[in-house]
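What follows is a single structure, written as structure tokens, with notes after it.
The values are calculated or read from the model by the stated rules, or taken from the named source; none is laboratory data. Treat the numbers as computed from the prediction; the structure is a model and nothing was measured. Glycine gets a Cβ as well: all are built from the backbone with ideal geometry, and neighbour counts include every protein chain shown. Remember, those area values only see protein heavy atoms, side chains included, never the ligands or the DNA or RNA. Shrake-Rupley method; radii C 1.70, N 1.55, O 1.52, S 1.80 Å.
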Amino acid sequence: MQNPNCTLNVALLVFHSADGVLYLEDKGSAEGTKRWLSFISGLYKRIVKKEFPKGKMPYDPQLTRVQAYKLKKNLTEKEMVFITPIE
């Protein structure tokens, strides 16, 4: 994630692989180890701040309909990047 060539697509893949959906569902009271919370919240902030350039590979968060529905209700426009597929 520190590599300057890291793209948004890879950052989102890592975020979701690290159970980022759990973090998105309730950022205020997300529970986990200090190390996980530090990692996932730091990555979340960098993605929201658009610190990663868009890459060429596609990305699909592969959310269930229920997950997508719940997240859409609670996410801001800037946070929609986490649930929007990239072609």
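Which residue is farthest from Asp19 (Cα to Cα), if the candidates are limited to the stretch 36-56 and must be out of contact with any helix residue (DSSP H, G or I) (no Cβ under 7 Å at 6 or more places or on another chain) and open to solvent by 70 Å² or more (accessible area, probe 1.4 Å)?
This residue is Lys56.
Any chance the stretch 75-84 includes a residue that's in a loop (DSSP other than H, G, I, E, B), within 23 Å of Asn3 (Cα to Cα), of a type in the set (D, E, K, R) and under 12 Å from the mean Cα position of the chain (by Cα)?
no
Yes or no: the stretch 63-70 includes at least one residue that is under 12 Å from the mean Cα position of the chain (by Cα) and small (Gly, Ala, Ser).
Scanning the stretch 63-70, I find no residue that is under 12 Å from the mean Cα position of the chain (by Cα) and small (Gly, Ala, Ser), so the answer is no.
Can you pull out every residue in the stretch 59-74 that is part of a helix (DSSP H, G or I) and either under 19 Å from Cys6 (Cβ atoms) or of a type in the set (A, V, I, L, M) (or both)?
Within the stretch 59-74, Val66, Ala68, Leu71 meet the criteria.
Based on what the data block shows, is Tyr59 at pLDDT below 95, aromatic (Phe, Trp, Tyr) and surrounded by fewer than 16 Cβ atoms within 10 Å (Cβ to Cβ)?
no
Considering each of Arg35, Arg46, Arg65 in turn, give the residue that is at negative phi and modelled with pLDDT of 95 or more.
Within the list Arg35, Arg46, Arg65, the selection yields Arg46.
Kindly provide the set of residues from the stretch 23-58 that are more than 10 Å from the chain's Cα centre (by Cα), within 21 Å of Asn74 (Cβ to Cβ) and not in a loop (DSSP other than H, G, I, E, B), ordered by number.
Those that are more than 10 Å from the chain's Cα centre (by Cα), within 21 Å of Asn74 (Cβ to Cβ) and not in a loop (DSSP other than H, G, I, E, B): Glu25, Trp36, Leu37, Gly42.
Please enumerate the residues belonging to the stretch 62-87 that are surrounded by 11 or more Cβ atoms within 10 Å (Cβ to Cβ), farther than 15 Å from Tyr23 by Cβ and of a type in the set (Val, Ile, Thr).
Thr84, Ile86
Of everything in the stretch 18-33, what is closer than 18 Å to Met1 by Cβ and open to solvent by 30 Å² or more (accessible area, probe 1.4 Å)? Give them in sequence order.
Answer for the stretch 18-33, where residues must be closer than 18 Å to Met1 by Cβ and open to solvent by 30 Å² or more (accessible area, probe 1.4 Å): Asp19, Gly32, Thr33.
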